[in-house]
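None of the figures in this text is laboratory data; all of them are computed from the coordinates on show. Given the structure is predicted, the values throughout are model-derived calculations rather than measurements. Here the Cβ positions follow ideal geometry from the backbone for every residue, glycine too, while neighbour counts run over all protein chains shown.
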Amino acid sequence: MEEKNQYYVVTKKAVPEVLLKVVEAKRLIESDKAATVQEAADRVGISRSSFYKYKDDIFPFHDNAKGKTITFVIQMDDEPGLLSDVLHIVADYHANILTIHQSIPINGIASLTLSVEILASTGDVSEMMQDIEARQGVQYIKILARE
């Protein structure tokens, strides 16, 4: 029986260092800052075999997000203008807002479900999420689904 791939979205701090180094080595090769796999692996401090073992299994989130729909869940304080600020951040990154659903606030906290289409012109989705989470009044943001 054929095993299907399973995918996970994790924050950078949860990713083992060797995998982050593989991503950096791939970036060096793609940007022509390293002529060979061996040179890239040496520069980031991993073995060539580690590079080949993981190279097809890890990639920066934004590299594979274009043309996708991502649904976020955001918990935020019930304060005037906060939803508008969050939507403004999404607009600044040129993501296309598809759906918005905000729950009735309970104990001063509202849950927002936001689906956005990631376009070719959309900036770095990870940075967009960081900007939203850094906004005062936003408790957290998580990716609920990605299609």
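Here are a few things to note about the model shown:
- Size of electric dipole in the chain: Cβ of Lys, Arg +1 and of Asp, Glu -1, about Cα centre, debye, nearest 20: 480 debye
- Hydrodynamic analysis of the chain uses the Kirkwood radius over alpha carbon pairs. Inserted into Stokes-Einstein at 37 °C and 0.692 mPa s, it gives a translational diffusion coefficient of 189 µm²/s.
- For the stretch 34-121: rounded, prolate or oblate by the Cα gyration tensor [a/c cutoff 1.5]: prolate
- Pairwise FRET efficiency - residue 57 versus residue 84, Cβ, R0 = 35 Å, nearest 0.05: 0.35
- Angle in degrees between helix 82-92 and the longest Cα principal axis of the chain, rounded to the nearest 10: 40 degrees
- Report note on the peptides 90-99, 69-78: ranked by the mean count of other C-beta atoms within 10 Å, highest first, their order is 69-78, 90-99.
- Note on residue 75 and residue 119: their simple-model spin labels are 3.3 nm apart, each label 7 Å out from Cα toward Cβ.
- Residues of the stretch 109-130 with amide N under 11 Å of a point placed 7 Å along Cα→Cβ from residue 146: 125-126
- Nitroxide proxy distance, nm - points 7 Å out along Cα→Cβ at residue 107 and residue 31: 4.5 nm
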